[in-house]
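The values are calculated or read from the model by the stated rules, or taken from the named source; none is laboratory data. The structure presented is a predicted model; accordingly, all values stated were derived computationally and were not measured. Here Cβ is always computed from backbone atoms with ideal geometry, including for glycine, and neighbour counts include all displayed protein chains.
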């Protein structure tokens, strides 16, 4: 594994190819742990992970909690409804309260973009030795989801030795509401870093033309792109045009409020144009895996038959892979804070 220098994990735009390789290699080691019979490691014994979830979550929160416990860390959960935030306490003061209790790792999820980064910067300025891991912020980023999706694809293409090279030259189609998806943004950074050709497909109201150049330059505040040569990003409006030649297809959750925002005419018409089914996947020309970050709206993003077909659907595999990937991130960040 290469050296790990990130004090926080806030956005995959800051990851180099070596960073991806390190996470995938370590996640693969953790992934095979149950097969070898070892269910728990003492790696983070005596460390405290605090979950600051200001936004509801089931999969991500549970996955981080299991990951921490498998590394023997203590876990502390924050409940916004019963916290001092309702009494006017600031987010920073809330975070510092948990740091004062001994938190080594803060896993932060918030509906507003930039909150985890702001907390990380302010805690650094205060001299606190705590790592912040972004568990999803607004429409900005969801790095651990992007990494587990990458790991799932790498394991599919190279089961014995998943690595960034397994994605080089692959045509990955992402379908759906790209505009409102932090998962799609994280996947764009991760997949292009590994040399994949990413095809984005969706209606103009959910996929603006600006996404064609999304990874063309580092985000604000980041001077250089750590990946010298990225894969291409292409926008396609028709699913029939996007699928031929695809190596994998990822569809994104469609939130029903998009209809109330007049971004869609209806869920049935959306499924007719962009919904995945066994019949539609035949356009790829060969069997390809299907991914979805969950939760899935059956009959909207994909048919129930496709979701339940374990020969095609990698949705449950994504859930399984979330634990070793998050174990890898917690392990790496804990090593930096201990240095």
Failed criterion for residue 148 (all others in (1) closer than 30 Å to residue 98 by Cα; (2) touching a strand residue (DSSP E or B) at 6+ places or on another chain (Cβ under 9 Å); (3) surrounded by 24 or more Cβ atoms within 10 Å (Cβ to Cβ) hold): (2)
Failed item, numbered, when residue 203 is tested on (1) free of Cβ contacts under 8 Å to residues at least 40 places away in the same chain; (2) assigned to a loop (DSSP other than H, G, I, E, B); (3) at negative phi: (1)
Yes/no for residue 281 being under 21 Å from residue 180 (Cα atoms) and in the same structural domain as residue 305 (by TED's automatic domain parsing): no
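Right, residue 125: more than 14 Å from the chain's Cα centre (by Cα) and buried (at least 17 other Cβ atoms within 10 Å of the Cβ) or not?
Values: more than 14 Å from the chain's Cα centre (by Cα): yes; buried (at least 17 other Cβ atoms within 10 Å of the Cβ): no.
So residue 125 does not fit the description; no.
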Any hit, the stretch 247-264, residues being surrounded by 22 or more Cβ atoms within 10 Å (Cβ to Cβ), in contact with a strand residue (DSSP E or B) (Cβ under 9 Å, 6 or more places away or on another chain) and closer than 30 Å to residue 130 by Cα: no
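Table: residues versus (1) in contact with a strand residue (DSSP E or B) (Cβ under 8 Å, 6 or more places away or on another chain); (2) at pLDDT below 95; (3) within 26 Å of residue 30 (Cα to Cα).
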residue: 299; (1), (2), (3): no, yes, no
residue: 302; (1), (2), (3): yes, no, no
residue: 319; (1), (2), (3): no, no, yes
residue: 325; (1), (2), (3): no, no, yes
residue: 328; (1), (2), (3): no, no, yes
residue: 335; (1), (2), (3): no, yes, yes
residue: 338; (1), (2), (3): no, yes, yes
Residue selected from the stretch 174-187 under the condition touching a strand residue (DSSP E or B) at 6+ places or on another chain (Cβ under 8 Å) and over 19 Å from residue 12 (Cα atoms), by the criterion modelled with the highest pLDDT: 175
Hey, residue 190 closer than 27 Å to residue 266 by Cα, in a helix (DSSP H, G or I) and either more than 20 Å from the chain's Cα centre (by Cα) or at pLDDT 95 or above (or both) or not: no
The lone exception for residue 160 - which of (1) more than 21 Å from residue 226 (Cβ to Cβ); (2) touching a residue at least 40 places away in the same chain (Cβ under 8 Å); (3) assigned by TED's automatic domain parsing to the domain that holds residue 217; (4) outside any helix (DSSP H, G or I) it fails: (2)
Residue selected from the stretch 228-242 under the condition touching a helix residue (DSSP H, G or I) at 6+ places or on another chain (Cβ under 7 Å) and part of a loop (DSSP other than H, G, I, E, B), by the criterion surrounded by the most Cβ atoms within 10 Å (Cβ to Cβ): 231
Pick from the stretch 85-112, criterion in a loop (DSSP other than H, G, I, E, B) and free of Cβ contacts under 8 Å to residues at least 40 places away in the same chain, ranking: surrounded by the most Cβ atoms within 10 Å (Cβ to Cβ): 112
Among residues of the stretch 156-172, those that are under 26 Å from residue 275 (Cβ atoms) and within 16 Å of the chain's Cα centre (by Cα), counted: 1
Of all residues making up the stretch 102-112, the number that are over 22 Å from residue 322 (Cα atoms) and within 22 Å of the chain's Cα centre (by Cα): 1
Checking residue 129 against (1) farther than 22 Å from residue 328 by Cα; (2) in contact with a helix residue (DSSP H, G or I) (Cβ under 8 Å, 6 or more places away or on another chain); (3) in a loop (DSSP other than H, G, I, E, B), the condition it does not meet: (1)
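Let's see how each residue does on (1) surrounded by fewer than 19 Cβ atoms within 10 Å (Cβ to Cβ); (2) over 27 Å from residue 95 (Cα atoms); (3) at pLDDT 90 or above:
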{"residue": "11", "(1), (2), (3)": "no, no, yes"}
{"residue": "27", "(1), (2), (3)": "no, yes, yes"}
{"residue": "30", "(1), (2), (3)": "no, yes, yes"}
{"residue": "37", "(1), (2), (3)": "yes, yes, no"}
{"residue": "42", "(1), (2), (3)": "yes, no, yes"}
{"residue": "48", "(1), (2), (3)": "no, no, yes"}
Some residue of the stretch 309-323 being assigned by TED's automatic domain parsing to the domain that holds residue 248, without any contact (Cβ under 8 Å) to a residue 24 or more places away in the chain and more than 24 Å from residue 32 (Cα to Cα): no
